[in-house]
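A quick write-up on the structure given underneath.
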Amino acid sequence: MTTESKDEFLARMKTFEGQRSGAPSVARDAVNQAMIRHWTDAMGDTNPVYVDEEAARATGRDGVIAPPTMLQAWSMRGLVPPSASTGSSGGFPKLLAELETAGFSSTVATNCEQTYHRELRIGDVITTSDVIENVSDEKQTALGRGHFVTSRITFTDQDGEVVGEQMWRILRFIPGTGAAPPPPKPPRPRPAINRDNAFWFEGTSEQRLLIQRCAGCGTLRHPPGPMCPNCHSTEWDTVESSGRGTVHSFTVNHYPQVPSFEYPLLVALVDLEEGTRLVTNLVEVEPDAVEIGMAVAVRWLDAGDGLTLPVFAPA
Ligand code: ZN
């Protein structure tokens, strides 16, 4: 490895732009019915213009045509080893070797676009020539840091007429340098629901803010409990709060940060207009704008997995 900078490396890779990927490659076989049939069988394409002379002529053509998407198939090297192939020399293998040496050893194909200039007929002999069109700056991708390499293949027939073109792009990247997706946010801690407070959470699930009321003396209380602190009665019912209140006190929580919450986290004591006080969060307001005594109104927070919680926003 050299100590060349990223800019120097890129400049060197850019010298490959415009170079032929390799020598032009002449198809080993002319366009033929047997290969077309193999292709249409594999694709499940039953269009008769690819296999039936009469049907093809009925469409105004001179005879059967090759499926346009076979364009690249005619000159593919197949299983011939690179040393015996005309496509093994030239700029492209050298560019890949340079990228590999610099650590960009993994490859993924990202784009391919074909353009068809005319339909291919039985007997056409296709020649392909590849040119390296572009080597991109180093990009951070989800797979890793790498360079996109764009090539253009031109397909010509036996008369030198261009019959099609193909742009194709690969990404050469350094394995293990991908941006890890952020882990999903865990849900808020679940409340411990028991026989004394279940009614309150059942209320919030219906977006109703309930306050426990002593059946003996009418005193409202929160948090929920089994016995009235005033008259010690264990009989109770509920009243539904209007959801309006005022900020009794608040704090802005920066640390420690629990992944379930957004920070800064506004934690507040809110006095409901009915007369009880609850611990909650303030939303839709910047910490600097919160004042003690500020009028607030309930909002409903979907905390996931069926848990709905009351939070408060400026009224
Ligand atoms: Zn009571």
Can you tell me which residue among ALA23, ALA42 is assigned by TED's automatic domain parsing to the domain that holds MET167 and either closer than 19 Å to THR156 by Cα or within 36 Å of the chain's Cα centre (by Cα) (or both)?
ALA23
Tell me yes or no: at least one residue of region 166-177 is in a loop (DSSP other than H, G, I, E, B) and free of Cβ contacts under 8 Å to residues at least 60 places away in the same chain.
yes
Is region 253-260 home to any residue that is more than 24 Å from VAL283 (Cβ to Cβ), of a type in the set (S, T, N, Q) and away from the ligand (no atom under 16 Å from the Cβ)?
no
Does ASP237 satisfy the condition of being among the acidic types (Asp, Glu), in a strand (DSSP E or B) and either farther than 12 Å from THR276 by Cβ or within 16 Å of the ligand (Cβ to nearest atom) (or both)?
yes
Quick one: which of SER136, SER151, SER105, SER129 is among the hydroxyl-bearing types (Ser, Thr, Tyr), farther than 16 Å from PRO68 by Cβ and touching a Pro at 6+ places or on another chain (Cβ under 6 Å)?
SER129
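The values are calculated or read from the model by the stated rules, or taken from the named source; none is laboratory data. If you're wondering where the values come from, they're calculated on a predicted model, not measured in any experiment. Here the Cβ is made from the backbone with ideal geometry for all residues, glycine too, and neighbour counts use every protein chain on show.
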